[in-house]
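This report concerns only the one structure given below.
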């Protein structure tokens, strides 16, 4: 190898991207995913708490309505539960036919 080749190699080495540390990249991605998970968990816990407080506050108004409407809603709830179980157990063909899956 000539001196010119060595000078070119050192010149091109300055512009080369740094070597990648795959373990470091995996740890950084894991930390980012963990942080995003904890943020989502805190958001959903706060939302559930807020919904629970709202339901607790509105329960005196809702309870009489539910006691009146529950005999009429029970068959509808049973039919919807049965349909959800059928779609879940029969899988993709039924879900695609109903437009729930593309």
Roughly what would the spin-label model give for residue 9 and residue 27, points 7 Å off Cα along C-beta, in nm? 3.2
In nanometres, what is the gap between the two model label sites at residue 77 and residue 49, each 7 Å from Cα along Cα-to-Cβ? 2.8
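Set the Förster distance to 30 Å, then compute FRET efficiency between residue 100 and residue 56 from the Cβ-Cβ distance, nearest 0.05.
The computed FRET efficiency comes out at 0.35.
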Rounded to the nearest 10 degrees, what's the angle between the helix 3-15 long axis and the longest principal axis of the chain, both from Cα atoms, 0 to 90? 20
For the chain, find the longest principal axis of its Cα atoms and tell me its angle to the long axis of helix 22-90, 0 to 90°, nearest 10. 10
For Cα Rg over 2.2 N^0.38 Å, the choices are [x] 2.34; [y] 1.59; [z] 1.52; which was calculated from the structure? [x]
Given the Cα-Cα distance of residue 35 and residue 90 and 0.36 nm per residue of separation, how much length would full extension add, in nm? 16.2 nm
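Bear in mind these aren't lab numbers, they're just calculated from the coordinates by the rules spelled out. Remember, it's a predicted structure, so these values are computed and weren't measured experimentally. Virtual Cβ from ideal backbone geometry, glycine too; neighbours counted across all protein chains shown.
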